[in-house]
Amino acid sequence: MTLLSRCTAGGNGWQIWACWRPRRGYIAGGDFCYAEGGRSGLLAACVDVLGHGEEAHRSLEGIRRELEAGGENLLEIFGRIEQTAFRSRGCALFLGMLGECFLDYILVGNIRGWVINPARIEILPGQAGIVGGRKILPAMRSIQLNDKSMLLVCSDGIKRSFLPGHSPRQLWRDDGFGLTCSILEEFSIAEDDASVLVGRRWP
């Protein structure tokens, strides 16, 4: 497997790793992950643009620019992404702000996410739709975090059979990039773009 790209970022007690790759036989695709620290917290995103190949990748570039422009308000960032996606291709989107003891997030479409603590796993509820399709009223949700928490997000290029409790490696002990890459390697669907984002918080 060849990775298209990967990223890492840290802040507010968090460390984030992500990796993604295009559909088999393509050199570019529409999946992308982003993480960057700011005043309010660590901004993290997982994006899955509709379609595959160079056209999906071109649509992705505008969304990438909006994420890089940043901001402290998730609803404002979401609004800019939605406008950009409306002018090109729509996308599924996880957009989150990680603080020392909270996660604020918006999740639209078929991206899956979990907050994992040593004693329990919490599924992140999302909402149906396509960002950039019919106008969406985004639901921003907030979750309180423990001293030791993990965030795991993946696109629908990761098989539905993957669940964090069945991770191919130990969630808490493995190297972050090793963990994301092992999930991508073992559970990705060859006929789709795929992406995985993992964040760990240590007290």
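The values are calculated or read from the model by the stated rules, or taken from the named source; none is laboratory data. The model shown is predicted, which means the values in this text are computed figures rather than measured ones. Positions of Cβ are backbone-derived with ideal geometry, glycine not excepted, and every protein chain shown enters the neighbour counts. To get the accessible areas, we keep the full protein, side chains included, count just its heavy atoms, and leave off ligands, DNA and RNA. Shrake-Rupley method; radii C 1.70, N 1.55, O 1.52, S 1.80 Å.
Numbers for the structure displayed
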{"read-out": "Search result, residues across the stretch 132-149 that are open to solvent by less than 80 Å² (accessible area, probe 1.4 Å) and of a type in the set (Lys, Arg)", "value": "Arg141, Lys148"}
{"read-out": "Residues being outside any strand (DSSP E or B) and in contact with a Lys or Arg (Cβ under 7 Å, 6 or more places away or on another chain) - total across the stretch 14-46", "value": "1"}
{"read-out": "Cβ-Cβ under 7 Å pairs, at least 6 apart or on other chains, the stretch 116-143 side over 21 Å from Gly79 (Cβ atoms) and polar (S, T, N, Q), far side modelled with pLDDT under 95 and assigned to a loop (DSSP other than H, G, I, E, B)", "value": "Asn117/Asn146; Asn117/Lys148"}
{"read-out": "Every residue from the stretch 82-104 that is out of contact with any Gly (no Cβ under 7 Å at 6 or more places or on another chain) and surrounded by fewer than 24 Cβ atoms within 10 Å (Cβ to Cβ)", "value": "Gln83, Arg87, Cys101, Phe102"}
{"read-out": "Cross-chain or 6+ apart pairs with Cβ under 8 Å, the stretch 28-39 first and more than 20 Å from Glu191 (Cβ to Cβ), then part of a strand (DSSP E or B) and open to solvent by 40 Å² or more (accessible area, probe 1.4 Å)", "value": "Ala35/Thr8; Gly37/Gly10"}
{"read-out": "Selection count where residues are among the acidic types (Asp, Glu), surrounded by fewer than 24 Cβ atoms within 10 Å (Cβ to Cβ) and under 13 Å from the mean Cα position of the chain (by Cα), scope the stretch 14-68", "value": "1"}
{"read-out": "Answer residue from the stretch 105-121, given it is among the aliphatic types (A, V, I, L, M) and out of contact with any helix residue (DSSP H, G or I) (no Cβ under 9 Å at 6 or more places or on another chain) and is surrounded by the most Cβ atoms within 10 Å (Cβ to Cβ) among those", "value": "Ile111"}
{"read-out": "Every residue from the stretch 1-13 that is open to solvent by 30 Å² or more (accessible area, probe 1.4 Å) and outside any loop (DSSP other than H, G, I, E, B)", "value": "Ser5, Arg6, Thr8, Gly10"}
{"read-out": "Count of residues meeting criterion [in contact (Cβ under 8 Å) with a residue 40 or more places away in the chain and closer than 14 Å to Arg160 by Cα] in the stretch 176-189", "value": "2"}
